[in-house]
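I have placed the structure first, in the form of structure tokens, so that the comments after it can refer back to it.
The values are calculated or read from the model by the stated rules, or taken from the named source; none is laboratory data. Not measured: the values here are computed from a predicted model. Heads up, the Cβs are rebuilt from the backbone with ideal geometry, glycines too, and the neighbour counts pull from every protein chain shown. In case anyone asks, the SASA skips ligands and DNA or RNA and just uses the protein heavy atoms, side chains included. Shrake-Rupley method; radii C 1.70, N 1.55, O 1.52, S 1.80 Å.
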Amino acid sequence: MTLDYLYTLITFSNIFIILSLSLNVLIGYAGQVSLGHAAFFGIGAYTSAVLAVKFGLGYGTTLLLSVLIGGFFGFLLGLPSLRVRHDFLVLATIGLNFVVVALFKYIDFFGGPYGIIGLPAAKFFGKELGTGGYALYTAFWVVIVILLMIYIEKIYLRYGFEAIRENEDAAESIGVSVPLFKIYAFTISGALAGLAGNLWAYQMGMVFPDDFSFPVSITILTMVVLGGVGTISGPILGAVLLTFLPELLRFIQDYRLLLYGIIIVIVMMYQPSGLLGRQGILRKAFKR
Amino acid sequence: MLRVIDVSKSFGGLQALKGVSFEVEEGRIHALIGPNGAGKTTMFNIINGFLKPTSGRVEFLGRRISGLPPHRIALMGIARTFQIVRTFPEMSVIENVLAGMGKEIYRSWGVFFKTPWNQENVKKALELLRLCGLEDLKDFAASTLPIGLQRKLEIARALATSPKLLLLDEPASGLNDQETAELAELFRKIRDFGVTILFIEHDMRFTMGVADFVTVLDYGEKIAEGKPKEVSRNPRVIEAYLGTGSEISA
């Protein structure tokens, strides 16, 4: 294992930590199940790719716009969630994922099936970062996102989220507008996925539609569920485990989705709150 | 304080409420009673905004509230509990109460900047928990409490919203005799805090003991109202509860 390879894995792991934490806002905090999270990831990545390659915009601008546009599309998906609940919302988010990937594939502006290639390396104060530098840079964003999550857990926002997750009627009865808080959750989640998309696009130097397809959504969901829905440490652990394990156990690669399916089933049966969840084995081990 | 004016509600072909009017006066403990299916919970759901009346309207403190979303009605000062308890099971007892204290903040940008855990809130939350006899359980997850205590927690959470009117849907159901006696005591304390109570109940002994005023519904219509003693002697009420020609004595 070369050092560069390790740095790249760390970068991937960091990006997936951000993705799983952002999905956790939606599922863990607000109780809105989404199976199409890769769509926002892709929207963020394509935003950066289009702006950088086609319009020649600098890194700071593409980063900001990836976050804003990711958040905006989160907001847009939040709107139908006001009308459809639970199982229908799950289906709607899956549908969204397929639609977004199809748009990337079939609209020439987005480069079609070959995607957009040739993103310049991200520059900071006129300097390029190497693989190691970029890993460190993504780690910086992981820290920011973790701090944001710790902050969210302390403010009223989280109480509103928990209220709508636990019981929408009871939430309304204490003055929580259920539609407003769903919109908040989708917007925040979309914006953070947009950030992850930007980091991905500049890491790869190119974007392909299939990098954001439905299996990627399942991967992110598996990370959250395995680690522990609704916690901060859980999604982080899930993202790290599921980024590094398939690399270490190469033979698994081809059977990734099968593995994720099995993981979800086993977790649901034996560790429904996840490894680091309230009743998780790892949480209990740490307490002792 | 609260005026229900000629409210009707139908669900498809079923008419749950037929032109019901009544008034809840400030400072009262007002009971809404009636046999199963009389439309009591439907009435509650209309008052707090979960349902919109098919016709008629509801006014609170002189303003029309029917048609407003429930969180707006909560903001105006109407809080409620539920027939089937709906605490926030994964939050601790005190967090349930703290969550109830944000009605002004939930609609503002304050949700992004303010924490419920300030000294003033915690002090108020502990007072409410003491009032409801839950102080010692403040750090337990709500779901671990037995049903009687969860009902009290729901009341504490509703009171946390600083309501002017409190709607309680069958607060005594599932309680033992001692808990029911404590509940009557709690009702009076709440009233003394200046909170008006409107409650639905099946336990007649409890209702007649604690209520100042009773409104009786049957098959979606108001069939009687008045002081507990007047109502319990009303032949239409007896008929509604026992059926015509029944020989069973109450």
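Some notes on this structure:
- Candidate set: region B:1-58, residues that are assigned to a strand (DSSP E or B), aliphatic (A, V, I, L, M) and without any contact (Cβ under 8 Å) to a residue 60 or more places away in the chain; chosen: the one nearest to B:MET204 (Cα to Cα): B:VAL4
- Residue within region A:217-231 that is away from every other protein chain (no Cβ under 14 Å), touching a residue at least 40 places away in the same chain (Cβ under 8 Å) and surrounded by fewer than 19 Cβ atoms within 10 Å (Cβ to Cβ) present: no
- Conditions (1) surrounded by 17 or more Cβ atoms within 10 Å (Cβ to Cβ); (2) within 22 Å of B:LEU198 (Cα to Cα): number failed by B:GLY102: (2)
- Among the residues of region B:213-242, those that are under 17 Å from B:SER21 (Cβ atoms) and among the aliphatic types (A, V, I, L, M) comprise B:VAL214, B:VAL216, B:LEU217, B:ILE223, B:ALA224, B:VAL231.
- Of the residues making up region A:64-93, those that are in contact with a Ser or Thr (Cβ under 8 Å, 6 or more places away or on another chain) and open to solvent by less than 60 Å² (accessible area, probe 1.4 Å) are A:LEU65, A:SER66, A:ILE69, A:GLY70, A:GLY71, A:GLY74, A:LEU77, A:GLY78, A:LEU89, A:VAL90, A:ALA92, A:THR93.
- If the condition is being open to solvent by 10 Å² or more (accessible area, probe 1.4 Å) and hydroxyl-bearing (Ser, Thr, Tyr), then region A:244-274 contributes A:TYR255, A:TYR270, A:SER273.
- Among the candidates A:VAL25, A:VAL100, residue that is under 20 Å from A:ILE152 (Cβ atoms) and open to solvent by less than 40 Å² (accessible area, probe 1.4 Å): A:VAL25
- Residue in region B:164-178 that is at the interface with chain A (Cβ under 10 Å from one of its Cβ atoms) and in contact with a helix residue (DSSP H, G or I) (Cβ under 8 Å, 6 or more places away or on another chain) present: yes
- B:LYS189 falls short on exactly one of the conditions (1) touching a helix residue (DSSP H, G or I) at 6+ places or on another chain (Cβ under 7 Å); (2) within 11 Å of another protein chain (Cβ to nearest Cβ); (3) at pLDDT below 95; (4) open to solvent by 10 Å² or more (accessible area, probe 1.4 Å), and that condition is (2).
- Filtered residue count, region B:31-69, keeping only those that are more than 14 Å from the chain's Cα centre (by Cα), open to solvent by 10 Å² or more (accessible area, probe 1.4 Å), on the phi < 0 side of the Ramachandran plot and not basic (Lys, Arg): 10
- Where a residue in region A:1-30 is farther than 16 Å from A:ALA239 by Cα and its partner, wherever it lies, is among the aliphatic types (A, V, I, L, M), with Cβ under 7 Å and at least six apart: A:LEU26/A:ALA185; A:TYR29/A:ALA185; A:ALA30/A:ILE164; A:ALA30/A:ALA185
- Reported count of residues in region A:146-187, each being charged (D, E, K, R) and at the interface with chain B (Cβ under 7 Å from one of its Cβ atoms), is 5.
- Answer from B:VAL122, B:VAL93, B:VAL111 - the residue that is open to solvent by less than 10 Å² (accessible area, probe 1.4 Å) and more than 9 Å from chain A (Cβ to nearest Cβ): B:VAL93
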